[in-house]
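I have placed the structure first, in the form of structure tokens, so that the comments after it can refer back to it.
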Amino acid sequence: MKYNSLTTCTLLASVLSLAACKKDHDMPPAQSATITIENVLDSKPLVETGTFQGTGTPPVILPGQSTTFTFSAAKNQRLTFATMYGWSNDLFFAPDNPGIKLYNDDGTSITGDVSAQIKLWDNGTRVNQAPGSAVMHPGTMEKAPKTIKEVSGTDDYGNTYLAASKLMQVSLAYNGNSVFTVTITNKSGGTANETPFSPGVWTISYVAGGNQLLPEAIYSVGKSSANGLTNIAEMGDNSVLNTYLMGKTGIFTPLSPVLVVVYNGQQNPFFMTGENDRGEGLKDLAQKGNADILAAALKTKQGVKAVYVLKEATNTVLLPRIDGANGGKVSQMLSVVKGDRIAIATMYGFSNDWFFATSGNDWDATQKGDLSSSIGLYDDGTAVNQFPGAGITQFNLAGTPLNESKAIQAVPNPNGFTTLPAINNIIKITLQ
């Protein structure tokens with residue numbers, strides 16, 4: 001049989017048309033999806049809070065006695081505390097706000113005697129008496145409560161006091177890896193102001209953007225006593241103020257710009273637990289919050305269909321909820337087909353090298369709803385860990401990470417430093 005050119009063209013067109021139809025029929029239809037990542041952490045302004053006391057009964061710190069406690073701190077963070085001048089009506093010892101400086105400007109730890117930073121304060125709620133006489137004759141309440149005021153030499157009633165540093169010695173020791181031990185010694189014995197010190201409270205504030213989140217955690221000069229400080233200043237009872245401070249203590253962390261990857265395959269394209277960091281940029285994300293290097297590397301990988309780095313418009317990072325306000329939030333529209341998967345990663349901002357990421361085989365890109373339960377928190381194994389939010393080598397707290405080489409693993413909770421909220425109370429992921 002012979003075919004003329006017209007017949008040949010017609011048949012060829014029919015074959016191509018059928019092939020095209022068959023190809024379109026076999027390909028799954030593309031669909032739109034929007035991924036949203038939110039920082040839903042109800043943040044707290046204080047990193048750590050604790051109490052201290054003497055070893056006797058009652059547990060006061062008598063002249064000649066000492067007490068110690070240990071804490072972690074990053075650069076620019078300060079230690080503050082309060083304890084009653086026991087033989088008074090309402091006097092207390094505390095550092096000047098925002099607290100005792102712990103690091104020099106170059107990041108080296110401050111150690112030794114820091115007593116010069118301690119002051120004696122009048123709570124303003126009781127009429128003062130001569131030092132020591134209040135033990136037998138409790139003072140009457142002020143007719144109108146006064147505001148908190150430093151006692152410098154003499155008080156409003158003509159009573160004389162030595163400088164706080166003559167009565168109390170405070171010394172710092174650095175244990176390494178951002179950990180300090182403070183020792184408070186009562187050296188008032190034999191002075192005109194001999195007195196026991198009551199059980200006290202101490203706390204450390206988070207720093208964000210170089211500023212203390214709660215710079216006057218215990219008291220404010222020129223303002224009325226509040227939150228249980230009066231219980232310490234008048235009775236040496238630290239329980240009420242400790243309860244208040246513990247309610248302000250917990251987790252504060254931003255989330256870094258979020259890496260979102262759409263891919264086709266069976267394995268996460270940038271990490272697996274049990275293996276070391278691949279050197280493709282995950283280290284930069286986990287330590288510094290920089291997702292750009294890893295994003296560039298992923299764009300060259302087989303099976304990777306789309307890569308995004310999502311940034312919050314105002315702050316770049318996703319801040320947590322502060323005082324009830326909503327936290328940071330980013331969204332991205334995706335074009336996906338059946339068989340596509342999604343992986344995400346974002347840094348736990350106030351850590352050395354922790355990152356949130358999808359776990360297991362990641363998400364079916366066509367799945368809808370709240371997928372937060374599929375997120376894990378991982379340690380990249382490339383930097384020595386410190387207390388989250390209180391590490392001198394944490395990049396986002398003006399530090400330089402200390403390198404290590406360990407396999408990537410899930411971060412346990414509690415993790416040896418603190419107890420974290422459930423992951424879905426820190427980060428929320430929805431796909432709609």
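Nothing in this text is a laboratory measurement; each read-out follows from the coordinates by a stated rule. Quantities reported herein were computed from a predicted structural model and do not represent experimental measurements. Because the Cβ atoms are built from the backbone with ideal geometry, glycine has one as well, and the counts that use them run over all protein chains shown.
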Dipole magnitude of the chain about its Cα centre (Cβ charges: Lys, Arg +1; Asp, Glu -1), debye to nearest 20: 1060
Förster radius 60 Å - calculated FRET efficiency between residue 226 and residue 410, Cβ distance, rounded to 0.05: 0.90
Neighbourhood charge, 15 Å Cβ-Cβ cut-off, centred on residue 184 and excluding it, Lys, Arg +1 and Asp, Glu -1: +2
Exceeding the 32 Å Cα-Cα cut-off - candidates 149/288; 101/149; 305/428; 248/299; 44/283; 44/166: 149/288; 248/299; 44/166
Region 297-377: trypsin sites (Lys or Arg not before Pro) in DSSP loop, at most 14 other beta carbons within 10 Å: 299, 301, 338, 368
Calculated FRET efficiency for the pair residue 34/residue 68, C-beta based, R₀ 45 Å, to 0.05: 0.25
For region 318-388: rounded, prolate or oblate by the Cα gyration tensor [a/c cutoff 1.5]: oblate
Sequence ranges 49-59, 370-380, ranked by mean other-Cβ count within 10 angstrom, highest first: 370-380, 49-59
Peptide ranges 408-417, 211-220, 30-39, 247-256 listed from the most packed, as the mean C-beta count within 10 angstrom indicates: 247-256, 211-220, 30-39, 408-417
Stretch gain in nm, segment residue 240-residue 422, where the contour uses 0.36 nm per residue and the Cα spacing is subtracted: 62.8 nm
Computed [θ] at 222 nm, helices only, for the chain once each DSSP H run of length n ≥ 4 contributes -39500 (n - 2.57): -3500 deg cm²/dmol
Helix 5-26 vs. the chain, principal-axis angle (Cα, 0 to 90°, nearest 10): 30
Extension gain, residue 398 back to residue 171 (0.36 nm per residue minus Cα-Cα distance, nm): 79.2 nm
Protection proxy ranking of 71-81, 272-282, 94-104 - average other beta-carbon atoms within 10 Å, highest first: 71-81, 94-104, 272-282
Total formal charge among the other residues, if their Cβ is under 11 angstrom from that of residue 432, Lys/Arg +1 and Asp/Glu -1: 0
Environment charge at residue 308 (Cβ cut-off 12 Å; Lys +1, Arg +1, Asp -1, Glu -1): +2
Cβ-derived FRET efficiency at R0 60 Å, residue 141 paired with residue 306, nearest 0.05: 0.30
Cross-link reach list, aspartates and glutamates versus residue 119, counting only Cα pairs under 20 Å and skipping chain neighbours closer than eight places: 90, 96, 150, 155, 156, 194, 216, 234, 237
